Amino acid sequence: MKLKPLILATALAFTAMGAYAEDQVYDVPLTGPSAEGTYTASFNAVHAVAGAFVDTFTFTPSIAGFLNGSLVTTAANPATDINFTSATVNGIAFNFSPTGANEWGFTDVAFSAGPIVLKLFGIAAPDLAPGTAVTASYAGTLNISAVPEPETWGMMLGGLGLIGFMARRRKKAGEPSGMMTSAC
């Protein structure tokens, strides 16, 4: 009977499709701080096999702060195309452009502390058969802006309070609050 080998071959082909997932895991260092106190990291991935993938990037900042991220891919032909299906940074979802030759995504600004994990789900060369050799890539950035420590906020508020106290004291003494007197 020729039907049995055909069913077996079909079943084997369907199970082999899932084996082409090319999942990648990266630890990415952050650079900084910049003059503005921000840290940044660039990341990228190249997929050599068509099919679904889940890439995981881990960033370990030494600060807590506000973060945002972005990613982009550009396809010149079907073998270089990547379709992003979803992505999260510590549970914060990326917003994506429609799928096509040029795709981009970004996060809203959110607070984060400790390890930052970016999970990116996509399909490399979605128009080609899974397992086909391709060169599909994407790149992105992650930025973290430091949040001042509580002691810094305390000193700033204390300084503002002293300035207000001095202005009020001068006003009661009859001296205009905007003028400074000199001892000369």
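Brief remarks follow.
- FRET efficiency, 1/(1 + (r/R0)^6) with R0 22 Å, evaluated for S42 and S97 via beta carbons: 0.65
- Tensor-based shape of the range 42-108 (alpha-carbon gyration tensor, a/c under 1.5 rounded, otherwise prolate or oblate): prolate
- Relative packing of 161-173, 82-94, which averages over residues the other C-beta atoms within 10 Å, highest first: 82-94, 161-173
- Annotation: extensible slack from A173 through V54 equals 35.9 nm (criterion: 0.36 nm per residue apart, minus Cα-Cα distance).
- Gain upon complete extension [A79, A133; 0.36 nm per residue less C-alpha separation]: 18.7 nm
Quick note: the coordinates plus some simple rules give every number you see, no bench work behind them. Quantities reported herein were computed from a predicted structural model and do not represent experimental measurements. Note: ideal-geometry Cβ built from the backbone for every residue, glycine included; neighbour counts use all protein chains shown.
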